[in-house]
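Reviewing the structure listed below.
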Amino acid sequence: MCSFAWWLSLTIGFLSLSQEILWVRIAAFTMRGSTYAFSAVLLLFLSGIALGASVGKRWCGQRADLYRLAALTLGAAAVLDLSLVPVLALLRTPAVTIAVPLILVFFTATLKSVLFPIAHHLGSRQSGPQLGRSVSKVYFGNILGSALGPIVTGYVLLDYVPLEGCLFLIGAGSATLALLCARRAHVTRLWRLALPFGLVFLVSWRFGADGLVRQLASHTLPNSLKGGTVKQVVETRHGIIHTVALPGHPETILGGNAYDGKLAVDLQANENGLDRAVALLAVHPRPERALIIGMGGGAWIGVISSSPTVREIVVVELNKGYRDMIRRYPGMAAVLSDPRVKITIDDGRRWLRRHPEDKFDLIVANTTQYWRAYTTNLLSREYFRLMARHLRPGGIVGVNSTGSADVLRTAAEVFAHVERRASFVYGSDRPFAAPRRDVDEVMRALRFNDRPVFDQAAFDPGGLARELSTQPFLPAGERFSGLRFNPAIVTDANLMTEQAHGRWDLYHRFPGVYRWVDRMHDAMSLEEAERALSLAERR
């Protein structure tokens, strides 16, 4: 039978690593998916563990009442854990909303890690042949709890419990452990210890009533959405999705707190640049099968489905929350009821690898901002080659480069023919720059929700339909115009979009935070270069 120390070690590992998962989610949300979110949390989390373990080791050597010290430490951890929701809800400016959670990562990790050496000390036999076995048994409990924490919280709990609820559960777990340790220390009148936990919980619940994500989103609105109101929030284990409403504009959908499109198919206002998708319909001779990787708000599905020649649209989306969000908007829900639309919840690359025989006339990947974490998976040379293998002869791929010259350069490496319209990059094995001969009829035949996509004014000189019918893409000599960096080829290995170039795009959002990161990065790069030069000279 496992001892109390074994269960204490297991539970502390479970709570600590579960909380790390939640901190990563909070940091990634407030930093809009920056590649530095995870590394910053990991740095502070491990630093906290080192400090806390050092304190716990010192206490173990003082021959004190370890159960009493454990109860006091866990009590402080529980109060801090239960206070996280009101503390985070009170943050206002974007810089503070980013910095404070990172500071709290350190303190929450420190308090819990104090229990690591204490649990091992309590669970080990101080002498004799069973010493090593007893220590390893408690150590195994901690490893088991640390492994179960991310699995249970990251893969199961976050699909059913909102962020503030998960934080409350961590706090409740810490409070329960504090009371159990106090009982082991023979502390009388435990109800007196439980009372502060209950009061902190009630205050936290009041602040969390409006939803922590909703409050964090309101405090970190992009400049283009300042003054907007957070309307809908959907949380799943794959991420957080919410919408923001501005008077006189269609609602904006954000994934991971980064722009993901508008919940509207409106080519008159064209606020979400849907002409980039219409350009595909203007040049392809007769598209019948289309693959859309990433649902967003469903507007891109709506544009492709507006063509009467399209018979099937396969949509691959990793986060089921987008589908749930679209259902809440009658104007966009039509894409879900369209019998031609087949939605699969899966990873885009994995789906492509598992369906090597599926071929399409059009493939649309409306990728998120290129500087966010993991976007290399959707912008690399290897991924473009994978999409190219799923094209029918003359098929066209359309990818949102979000302004990265690297994406355009990489597409030119894979496809024989490449074009560009605004932030979209297109590739094919055959020339496709010229509009089809019956392009005017094609534009007039486009209908969504039983309404024409273009009104008559769009076909007049200067209208959007007229422009698409004459010059759907930039001239060949202007494909790289307006892009900000010297282009390089993105591969699965070099993380070009997120690291080498992507970090500079974040300066205007968080200049102070990233300035010191860049100094450290440049110093490390210089040191590595000097080391390589020295090695080469010795050879």
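Dipole magnitude for segment 324-424: computed about the Cα centre from +1 point charges on Lys and Arg Cβ and -1 point charges on Asp and Glu Cβ, it is near 60 debye.
Once the Cα atoms are used to define both axes, helix 66-89 deviates from the longest principal axis of the chain by about 30 degrees.
Take the Cβ atoms of GLN456 and ASN270, set R0 to 25 Å, and the FRET efficiency comes out at 0.95. Distant-in-sequence amide contacts of THR35, defined by a placed amide H-H separation under 5 Å and a gap of 5 or more residues or a different chain, comprise ALA373.
Annotation note: trypsin sites (Lys or Arg not before Pro) in segment 226-273 located in DSSP loop regions with a Cβ neighbour count of at most 11 within 10 Å are LYS226. Between SER481, ASN366, PHE454, whose Cα lies farthest towards the positive end of the dipole of the chain when Lys and Arg beta carbons carry +1 and Asp and Glu beta carbons carry -1, centred on the Cα centre? Toward the positive end, the furthest listed residue is ASN366. What FRET efficiency, computed as 1/(1 + (r/R0)^6) with R0 = 22 Å and r the Cβ-Cβ distance, is obtained for VAL152 and ASP347, rounded to the nearest 0.05? Step by step, r from the Cβ atoms, then E = 0.55.
Angle check, please: helix 163-184 long axis (alpha carbons) against the longest principal axis of the chain (alpha carbons), in degrees 0 to 90, nearest 10. Relative to the chain, helix 163-184 is tipped by roughly 10 degrees. With both residues required to sit in the chain, DSSP beta bridges show an antiparallel share near 60%. When you filter the trypsin sites (Lys or Arg not before Pro) in segment 1-99 for DSSP loop state and at most 13 other Cβ atoms inside 10 Å of their Cβ, you are left with ARG63, ARG92. In the chain, helices alone account for a calculated mean residue ellipticity at 222 nm of -16500 deg cm²/dmol, with every DSSP H run of four or more residues adding -39,500 (n - 2.57). Cross-link partners for LYS57 among the lysines, with Cα-Cα distance under 20 Å and sequence neighbours closer than 8 places in the same chain left out: LYS112, LYS137. Among rounded, prolate and oblate, which fits the chain when a ≥ b ≥ c are the square roots of the eigenvalues of its C-alpha gyration tensor, a/c under 1.5 means rounded, and a/b larger than b/c means prolate? Here the chain falls in the prolate category. Cβ crowding within 10 Å, taken as a proxy for footprinting-reagent exposure, orders ASP260, ASP460, ASP440, ASP324 from fewest neighbours to most as ASP460, ASP324, ASP440, ASP260. Each Lys or Arg adds one and each Asp or Glu subtracts one; over the other residues with Cβ under 14 Å from the Cβ of ASP347, this totals +4. On C-alpha positions alone, give me the angle between the axis of helix 36-60 and the longest principal axis of the chain, in degrees, nearest 10. So the inclination is approximately 10 degrees.
In this structure, the amide hydrogen of ILE240, modeled 1.01 Å from its nitrogen in the peptide plane, lies closer than 5 angstrom to those of GLY256, counting only residues at least 5 positions away or on a different chain. The local environment of ALA411, defined by Cβ-Cβ distances under 11 Å, has a net charge of +2 under the rule Lys, Arg +1 and Asp, Glu -1.
Candidate cross-link partners of LYS359 among the aspartates and glutamates, defined by an alpha-carbon separation under 17 Å and a same-chain spacing of 8 or more, comprise GLU288, GLU312, ASP429. Protection proxy ranking for 432-439, 467-474, using the average of other Cβ atoms within 10 Å per residue and placing the highest first: 467-474, 432-439. Taking the Cα centre of the chain as reference, the dipole from Cβ charges on Lys and Arg (+1) and Asp and Glu (-1) amounts to some 1720 debye. For LYS231, the residues 5 or more places off, or on other chains, whose built amide H falls under 5 Å of its own are THR243, VAL244, ALA245.
Note on segment 55-155: with charges restricted to the Cβ of Lys and Arg (+1) and Asp and Glu (-1), its dipole about the Cα centre is near 340 debye. Taking label positions 7 Å along the Cα-Cβ direction at both ARG286 and SER3, the computed distance is 7.8 nm, reported to one decimal.
Values quoted throughout were computed directly from the atomic coordinates according to the rules given, and no laboratory measurement underlies them. Predicted model only: the values in this text are computed from it and were never measured. Every residue, glycine as well, gets a Cβ built from its backbone with ideal geometry; the counts of neighbours run over all protein chains shown.
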